1. Across segment 98-123, what is the number of residues that are closer than 14 Å to residue 78 by Cα and hydroxyl-bearing (Ser, Thr, Tyr)?
2. Evaluate the following for residue 138: is it closer than 12 Å to residue 81 by Cβ and in contact (Cβ under 8 Å) with a residue 24 or more places away in the chain?
3. With respect to residue 56, is the statement that it is at pLDDT 90 or above, assigned to a strand (DSSP E or B) and among the β-branched types (Val, Ile, Thr) true?
4. Looking at segment 123-136, can you tell me whether even one residue there is open to solvent by less than 30 Å² (accessible area, probe 1.4 Å) and either among the small types (Gly, Ala, Ser) or assigned to a loop (DSSP other than H, G, I, E, B) (or both)?
5. Inspect segment 79-98 for any residue being at pLDDT below 90 and among the hydrophobic types (A, V, I, L, M, F, W, C) and give the result as yes or no.
6. Can you tell me which residue within segment 129-143, out of those that are touching an Asp or Glu at 6+ places or on another chain (Cβ under 8 Å) and either of a type in the set (Ser, Thr, Tyr) or more than 25 Å from residue 95 (Cβ to Cβ) (or both), is modelled with the highest pLDDT?
7. Go through segment 75-86 and count every residue that is crowded, with 18+ Cβ neighbours inside 10 Å and under 23 Å from residue 52 (Cα atoms).
8. Residue 100 fails exactly one of the following numbered conditions: (1) without any contact (Cβ under 8 Å) to a residue 40 or more places away in the chain; (2) within 16 Å of the chain's Cα centre (by Cα). What is the number of that condition?
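The values are calculated or read from the model by the stated rules, or taken from the named source; none is laboratory data. Please read these numbers as outputs of a predicted model, since none were measured by experiment. No Cβ is skipped: glycine too gets one built from the backbone with ideal geometry, and neighbour counts run over all protein chains shown. When the accessible area is computed, the model is the full protein with side chains, heavy atoms only, and any ligands, DNA or RNA have been set aside. Shrake-Rupley method; radii C 1.70, N 1.55, O 1.52, S 1.80 Å.
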Amino acid sequence: TKAVRAAAKLGEQLPQRRKRMIFRSLRRFMATKAAVTRHDLHAFLQQPATANQSLVVLNSESCGAPLLEKLWDASDYVCCADGGANRAHDLLGADRAPDAVVGDLDSARADVLAAYESRGCAIHRVEDQDSNDLSKALAHVGR
């Protein structure tokens, strides 16, 4: 499928151990027919969790607070891709700080970064303008 091809292309840039984990999660997600057909991530979350699951939060309105909270709780590591920090902060408040915020930080608000940093969140500015913030966050998570 298109999602598997995109993941394979991205996977070429990640360490082998991380690739296996991502592909296992992707296969498990793709095996859930309801999740694939209706994009029902709740069905995905009802399956047994595996270790080392990471969540990358983007600056997108693709999900609301209830789903983001469930994904957050099911993840061992949470990374916001630049403006995703604003989205997470606006939906979940400052009490839930991600493990890291990664990107060129041109979209993340200063007050959000300060609030997260005060709660122990690592802020990683990556100046590379040849890749987008999602790529930067995935590279960070893949370490």
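1. The qualifying residues number 1.
2. Values: closer than 12 Å to residue 81 by Cβ: yes; in contact (Cβ under 8 Å) with a residue 24 or more places away in the chain: yes.
Taking the combined requirement at face value, the residue satisfies it.
3. Details: at pLDDT 90 or above: yes; assigned to a strand (DSSP E or B): yes; among the β-branched types (Val, Ile, Thr): yes.
Yes, satisfied.
4. As a first pass, look at segment 123-136 and keep what is open to solvent by less than 30 Å² (accessible area, probe 1.4 Å): 136.
Checking the rest, the ones that are also either among the small types (Gly, Ala, Ser) or assigned to a loop (DSSP other than H, G, I, E, B) (or both) come to none.
Checked segment 123-136: no residue is open to solvent by less than 30 Å² (accessible area, probe 1.4 Å) and either among the small types (Gly, Ala, Ser) or assigned to a loop (DSSP other than H, G, I, E, B) (or both).
5. Within segment 79-98, one or more residues are at pLDDT below 90 and among the hydrophobic types (A, V, I, L, M, F, W, C).
6. 136
7. Within segment 75-86, the subset crowded, with 18+ Cβ neighbours inside 10 Å is 75, 78-86.
From the residues that got through so far, the ones that are under 23 Å from residue 52 (Cα atoms) too are 75, 78-82, 84-85.
Residues flagged as crowded, with 18+ Cβ neighbours inside 10 Å and under 23 Å from residue 52 (Cα atoms) within segment 75-86 amount to 8.
8. The single condition residue 100 does not satisfy is (1).
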